Structures are given as C-alpha cells and as structure tokens.
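Notes for the one structure printed next.
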Amino acid sequence: MNLLITGATGFIGLAFCQRLFNDPTLDFQTVYATIRDCTKSNSLPSEVKPLLVNSLQDWRELFSSLPQIDSVIHLAACVHQKTQHPDEMYKLINTDYTTALAQAAAKNHVKRFIYVSTVKVIGEGNCESETCLPYDESTPPRPTDAYGLSKWNAEQALIDTAVTSELEVVILRPPLVYGPGVKANFLRLAQLAQSGLPLPLGAIQNKRSLIYVENLIDAMLTCITHPQAANKTFLVSDGQDLSTPDLIKKIAVATGYPCRLFSVPPAVMELAGICGDALGKALGLPLPISSETLTKLTGSLTVDGSKICHDLGWHPPFTVEAALAKTFEKSFGNQTAK
C-alpha cells in the first residue's frame, strides 16, 4: 500500500510517521509526506519521501509525479493564525487546499481519504452541569470561530467529492490532542501542575474529553483499512472524561510532582478573569489570567465516541494514566514529590 501524509512534520503527523516505521505489524510499501519547509524534512524518518507543497496549484498537481496512491491521511491545517487576515488563511489552507487535494485524489483513483477534522466544527462546549449530553455524530455543527468553520466547510467539500466519485472519505473529529511534545494550553496546564504552586482550581466541576496522540493514530490506522469506515464521520476520544482538578492530579502523578489545589467560589474566579481582561487591555498585551483562559479551564466539552467502537470495533489502546506517563516521561522526568 502506498500512503500519502500531509502535515507530516506537525505534532500529530510526526508521531504518525514514527509509528509507521516503529511498529513491525504495519506494512506500507511507500510513504510520501507533504512539507512546506524543506528544512523540516530532517525530522521525518528516513524512509519517508518528502514532497514540497506551498500553493493551491501544488495541491492540485500533487499526484501527477507519484505512483498510484492508495490512501491519503490529511493532517495539514492552519490552527493558530495571528496574521492580519486570519479568516482568509483559515479558508485557504483548511478549506480550499483540502478541497483541491480531495478532488485530485478522486481524479487519480485514490481509494480512501482520511481527514482529521476537529470537534470545534460542532462547538466550543456542550454543557454547564453534570446532566449535560456529550456531543455525538448527530449533534448539529455550530462552529463558533473561523477555524471551526473552515474545517466544517472542508468536511462538506469532502462529502461532496465522495458523492460524485469513487473516493471513500473518513472524517475524524478529535477533541484536544495531547502527547510528547504537546504545546499550547495543555503544556501550560502541565507546567502549572508541576510548579508546586497552590492553584485555586479545586472547586471546578467541569468535564473534558481528550485524546492521546497514539490513541488517535491507532484510530487513523484502523480507518485506513476497515471496510465499514468508508464515508463515515467519527468522534474519537480516550473514553474517560476528566474535570480540570482530576486532570491536574493525574499530571502531578505522572510527573512526580506534588499537587496543591484549593477551592475558591466561581464568582471570585469570574471576577479575576474580568480584572485580567481589563488589565491586559490597558497594557496592550494578553495576560495569563483572562475570561477566555478561565472559560477553557472551567468549561465542559465532552464527546461520545461509541460509534467508532460499535462500527469498527476500535477501542483506545492507552488509558489516560498510561498516556500521561508517556507524555511526560522525557519532558519532566520522574521527579520525587516534595
């Protein structure tokens, strides 16, 4: 089987490529990977054949110089865009490039196209209480920002392409993905957890779905070959929803640092966020404490991943505890609690 991976030097893509050549049970004849920067090809396994792609025309002509590709794993995306016109960049990279690649894949008789989308096509949070219902595949999409909208529009373009061709499309919608080398919000939370500082987060009663990068990769590999995956959309997660305090406690255990949580009333945290907003605006720079940050710490976003389990017989191979241990075994080491 010949495989094409886009976004291969990203967080998920690099882990996927490493899995392909570290797992003796996998047998792919040739693996091609798109890159936007030649210098980043050094991070890929030597067996991967890099392809430089930087324009819409490049995506349209990608298959012209390649042998028959059996499956495409499409990970390339624009996520945290801080340019002057971010909406345009999200549309170009996430929607237009994806559409061009899918149409080219269909034209060149690619059998299956695996698209890693995001739970953000559905929304940013689904409940405020213990009785909320998790997102599932029947939940109407209501993206709340340009990124989520661009991924939703890409999903629709893929479905349209599948309807008018023989290309089989599989869409995966993961929540927050974590693992070795993770950055952004998860890394910041981990740094807080291992700081040893008392954190006023003990009273938070939210729930969050997450997925370990190796669990996501395992689901992707299942979707490449499973006949029942064709033309379906799946929500995927670790299968264990956690509150922010529970996650901090598990990170502390995984890193060997003490966990110090205390509780403050929600109104106090809300006031702290408002003060952070005002101070950040006055200073002209974002502060660690803001309403947006606290919403991410206190809000709930859960998914029901039972469909992929039922339809494909897939179950996440790593527990949350094992996943967190692997995530931090190199970056934090195994510190002795103090």
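The values are calculated or read from the model by the stated rules, or taken from the named source; none is laboratory data. Fair warning: this is a prediction, and the values are worked out from it, not measured in the lab. As a convention, Cβ positions derive from the backbone with ideal geometry for all residues, glycine included, and neighbour counts pool all protein chains shown.
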Can you run down the residue pairs with Cβ atoms below 7 Å, 6 or more apart or on separate chains, where the first is in the range 156-180 and surrounded by fewer than 21 Cβ atoms within 10 Å (Cβ to Cβ) and the partner is basic (Lys, Arg)? 168/111; 168/112; 180/326; 180/330
I'm told residue 237 meets every condition in (1) touching a Gly at 6+ places or on another chain (Cβ under 6 Å); (2) small (Gly, Ala, Ser); (3) at pLDDT below 90 except one. Can you identify the failing condition by its number? (3)
Could you run through the range 179-196 and say how many residues are among the charged types (D, E, K, R) and either in contact with a Pro (Cβ under 6 Å, 6 or more places away or on another chain) or part of a loop (DSSP other than H, G, I, E, B) (or both)? 1
Candidates 211, 204 - the one that is touching a residue at least 12 places away in the same chain (Cβ under 8 Å) and assigned to a loop (DSSP other than H, G, I, E, B): 204
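Here is a yes/no grid of residues against (1) buried (at least 21 other Cβ atoms within 10 Å of the Cβ); (2) closer than 27 Å to residue 86 by Cα:
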{"site": "154", "(1), (2)": "yes, yes"}
{"site": "182", "(1), (2)": "no, yes"}
{"site": "196", "(1), (2)": "no, no"}
{"site": "201", "(1), (2)": "yes, no"}
{"site": "215", "(1), (2)": "yes, no"}
Residue 144 being surrounded by fewer than 20 Cβ atoms within 10 Å (Cβ to Cβ), in contact with a helix residue (DSSP H, G or I) (Cβ under 9 Å, 6 or more places away or on another chain), over 26 Å from residue 2 (Cα atoms) and free of Cβ contacts under 8 Å to residues at least 40 places away in the same chain: yes
Go through the range 145-178 and report how many residues are farther than 22 Å from residue 13 by Cβ and either hydrophobic (A, V, I, L, M, F, W, C) or not in a helix (DSSP H, G or I) (or both). 9
Do any helices (runs of 4 or more DSSP H) entirely within the range 1-119 hold 3 or more residues that are crowded, with 22+ Cβ neighbours inside 10 Å and more than 16 Å from the chain's Cα centre (by Cα), and if so, which? 97-107
Out of (1) closer than 18 Å to residue 75 by Cα; (2) touching a helix residue (DSSP H, G or I) at 6+ places or on another chain (Cβ under 7 Å); (3) assigned to a loop (DSSP other than H, G, I, E, B), the odd one out for residue 216 is which? (3)
For the subset of the range 120-137 comprising residues that are part of a loop (DSSP other than H, G, I, E, B), more than 29 Å from residue 70 (Cβ to Cβ) and modelled with pLDDT of 95 or more, which member is farthest from the chain's Cα centre (by Cα)? 136
